[in-house]
1. Would segment 245-253 turn up any residue that is under 25 Å from Val139 (Cα atoms) and either β-branched (Val, Ile, Thr) or in contact (Cβ under 8 Å) with a residue 40 or more places away in the chain (or both)?
2. If you take the residues in segment 93-123 that are crowded, with 19+ Cβ neighbours inside 10 Å, assigned to a loop (DSSP other than H, G, I, E, B) and touching a residue at least 60 places away in the same chain (Cβ under 8 Å), which one is nearest to the chain's Cα centre (by Cα)?
3. Please specify each residue of segment 254-286 satisfying the condition of being under 21 Å from the mean Cα position of the chain (by Cα) and open to solvent by 30 Å² or more (accessible area, probe 1.4 Å).
4. Would you check if Asp220 is without any contact (Cβ under 8 Å) to a residue 40 or more places away in the chain, open to solvent by 20 Å² or more (accessible area, probe 1.4 Å) and either part of a loop (DSSP other than H, G, I, E, B) or of a type in the set (D, E, K, R) (or both)?
5. In this structure, does Gly192 turn out to be in a loop (DSSP other than H, G, I, E, B) and either in contact with an Asp or Glu (Cβ under 9 Å, 6 or more places away or on another chain) or among the hydrophobic types (A, V, I, L, M, F, W, C) (or both)?
6. Restricting segment 186-205 to residues that are among the hydrophobic types (A, V, I, L, M, F, W, C) and closer than 22 Å to Leu175 by Cβ, which is surrounded by the fewest Cβ atoms within 10 Å (Cβ to Cβ)?
7. Do any residues in segment 223-234 that are at positive phi have Cβ atoms under 7 Å from those of residues that are outside any loop (DSSP other than H, G, I, E, B), where the two are at least six apart or on different chains, and which pairs are they?
8. For Thr288, work out the one condition from (1) in contact (Cβ under 8 Å) with a residue 12 or more places away in the chain; (2) within 15 Å of Val256 (Cβ to Cβ); (3) out of contact with any helix residue (DSSP H, G or I) (no Cβ under 9 Å at 6 or more places or on another chain) it doesn't fulfil.
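The values are calculated or read from the model by the stated rules, or taken from the named source; none is laboratory data. Since this is a predicted model, take the numbers as computed values, not measurements. Positions of Cβ are backbone-derived with ideal geometry, glycine not excepted, and every protein chain shown enters the neighbour counts. Ligands, DNA and RNA are stripped out before the accessible areas are found, and what is left, the full protein with its side chains, is counted by its heavy atoms. Shrake-Rupley method; radii C 1.70, N 1.55, O 1.52, S 1.80 Å.
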Amino acid sequence: MPWLSYQKALNRALADAMAADDTVFVLGEDVRVAASNVTTGLVKRFGPDRVLDTPLSEQGFTSFATGAALAGMRPVIEFQIPALLFLSFEQITNHAHKFSLMTGGQCHVPVTYVVPGSGSRTGWAGQHSDHPYSLFAHVGVKTVVPATPTDAYGLLRSAVQDQDPVVVFAPSAALGVREDVDFATLAPVPLGVGRVCRAGSDVTVVAVGQHVHDALAVADDLAGSVSVEVFDPRTLYPFDWDGLTASVRRTGRLVVIDDSNRTCGIAGEVIATMSERVRLAAAPVRVTRPDGAVLPFSLELDRATQPSRAQLAAAVNLTVKER
């Protein structure tokens, strides 16, 4: 079977979505030259009317996409840098997200916002290294963070087909991941459905995005002493609480690794919800960026500010000590 990279999976998902539905079009800065490699070949295949380069005005073209969606189109916006979502937060959360709710479902805004390179990139420093998925989950915008190429393909296909706005965060640290895949098996992955990546009996590790791979590596390292179950939520809103509850009930222990700042992050929400649903055998532990973290230019300091495999292993060991 051929190898499929994460970036190629996003590209294939966009191409397949555009081929299946002529109301789908892509817009963003430098999408015709495929600056992020996600839109490679699309303008040649589908033409300039469906692959639109935009001015450097995120608020402007995000609002344009909302209008296009209200008129019956399915726009896909590429944001090259995650911090650009802060500029467009008003247009996404206060306009696109609320139209269907405030009209009683009389209109829909099927816009997909793709961030191919969210989180830390080597030396991109404070204004280019955010991972703000918890902000969108907080306000109720559908939010997905795929960890693997097959999920990147499947979740993006589902996002484009959805009737509501969906933000797709593609973590920088996952862009180089490759899988051995039969392309004929690629299919949409339902939003709101998590998956158990590795079964275990001692502790459930919830890992967001690229940290799924870290969690699997730590589970392998600790296999002689701890049986770790790894749960990938895939969609952060709506979250698969029932799927996670089933896992935590089996193990009785919970650790969460989340590449966002500690306060008001996804990790805290996961722990709070599971504490309400399940009687835990030990205190839960979260591994996150520090409070108020702003990633610096220095590579050493950049790495020191992010959750690590060593921190995750220590958290797992701390939790299972309370047996």
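1. yes
2. Checked segment 93-123; the qualifying residue nearest to the chain's Cα centre (by Cα) is Gly119.
3. Asn261, Arg262, Thr263, Cys264, Glu269, Ala272, Arg286
4. It is true that Asp220 is without any contact (Cβ under 8 Å) to a residue 40 or more places away in the chain, open to solvent by 20 Å² or more (accessible area, probe 1.4 Å) and either part of a loop (DSSP other than H, G, I, E, B) or of a type in the set (D, E, K, R) (or both).
5. The answer is yes for Gly192.
6. Ala187
7. As it stands, the answer is Arg234/Val144; Arg234/Asp151; Arg234/Leu155; Arg234/Arg195, since those pairs meet every condition given.
8. Among (1) in contact (Cβ under 8 Å) with a residue 12 or more places away in the chain; (2) within 15 Å of Val256 (Cβ to Cβ); (3) out of contact with any helix residue (DSSP H, G or I) (no Cβ under 9 Å at 6 or more places or on another chain), Thr288 violates only (3).
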